[in-house]
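Worksheet: the structure to be examined is printed underneath.
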Amino acid sequence: MARPRIEFVQSQHLPWTAAPVAGVRRGAQARLLSADPDTGACSLVVRYPAGWQAPAGQTLACDEELLVLDGSLAVGAREHGYLGYAHLPAGYERGAMAAPEGAIVVTFFSATPAPADGAATADPARTVEALDAMRMPYTGNFHPEFPPGAGRRMLFEDPVTKEQTWILGTLGLRWAERAERHPVVEEMFLIAGEVHGNLGVMRPGAYFWRPPHVPHGPYGSLTGNIYLFRTRGGPLSTEYEDAPEPFHWWPGHRPVLPEDLAGFGQPIAGATLPW
């Protein structure tokens, strides 16, 4: 059974628990955004307390992808500050890890997070030890029908699956008129700004997991925004179509959530991230 559609939940409403990362990040807690019931793959917001440490030598049996939202997280000689990114494939041996002042990190595991058996066997072609997304350049428009006023900072494209991870930044007072759909899973975590869409107003901390071929949008933003996006099942491609209703500001809140998240579907006001 695949992950259900989650569109959208404000992650601030979700509880902190040790369970998702207890076996690989002892002393940390996480908010579970979504999980695959078959493989254990999961998307999390992980909270490392100030002074957290882990010894060198840990190797996981799954890929780990991370983006720091607050504080800093050191992995061996690499220190990831705000919007620091890494993609550490299965079999990658980590140096000592530490969060001296604490850290909040969006983290994705490709299977149940668990230690690997045997020697480190990471694929160097799938390894990104450190990127600073604050310093990366934006690329321009990446689809002829994509409304102008946005740019991408590509963080990772898997050389095997062609799945992608990127940051999208948009200008304020920007909106689209057409709906979209994609042949791949689209996953999003809103880092900053707000988004007005067909299911409500998303604030920082909003998250969605959208299965392939689900029509969505159009979207707009009064403030501009910064998103973290991922695809599963291949690279992003987009089909545009006429929207069932025209774009408008301040849409009603009507998220699409599975039963286990139905109690966490409330909107939030303001534009902060109250961890």
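Each reported figure results from applying straightforward, stated rules to the coordinates on display, with no laboratory input. Since the model is a prediction, treat every value here as computed from it, not as a measurement. Using ideal geometry, Cβ is built from the backbone for each residue, glycine included, and neighbour counts are taken over all protein chains shown.
What's the Cα-based Rg to Rh of the stretch 126-193, Rh via Kirkwood?
Here Rg/Rh amounts to 0.96.
Starting from the alpha-carbon convex hull of the stretch 14-129, give the projected area averaged over all orientations, in nm².
It is 6.6 nm².
May I ask you to list the trypsin sites (Lys or Arg not before Pro) in the stretch 1-32 that are in a DSSP loop and have at most 11 other Cβ atoms within 10 Å of their Cβ?
Those satisfying the criteria are Arg26.
Rank the residues Met154, Met202, Met188 as a footprinting-exposure proxy: fewest other Cβ atoms within 10 Å of their Cβ go first.
So the ranking, lowest neighbour count to highest, is Met154, Met188, Met202.
In whole Å, what are the Cα extents of the stretch 107-259 along the three principal axes, biggest one first?
55, 40, 26 Å, listed from the longest principal axis down.
Could you give the dipole magnitude of the chain about its Cα centre, charging the beta-carbon of Lys and Arg +1 and that of Asp and Glu -1, in debye to the nearest 20?
480
Starting from the Kirkwood Rh over alpha-carbon pairs, what translational D in µm² s⁻¹ does the chain have by Stokes-Einstein at 4 °C and 1.567 mPa s?
The diffusion coefficient I find is 68 µm²/s.
Suppose each label sits 7 Å from its Cα in the direction of the beta carbon; what would the Thr139-Ala2 distance come out to in nanometres?
2.5
Give me the base-10 log of I(q)/I(0) for the stretch 187-275 at each q in 0.14, 0.21, 0.23, 0.26 Å⁻¹, Debye formula, one uniform scatterer per Cα, rounded to two decimals.
Values, matching the q order: -0.54, -1.24, -1.44, -1.60.
Between the stretch 46-76 and the stretch 171-248, how far is it from one alpha carbon centroid to the other, in angstrom?
Using only Cα atoms to place each centre, the spacing works out to 29 Å.
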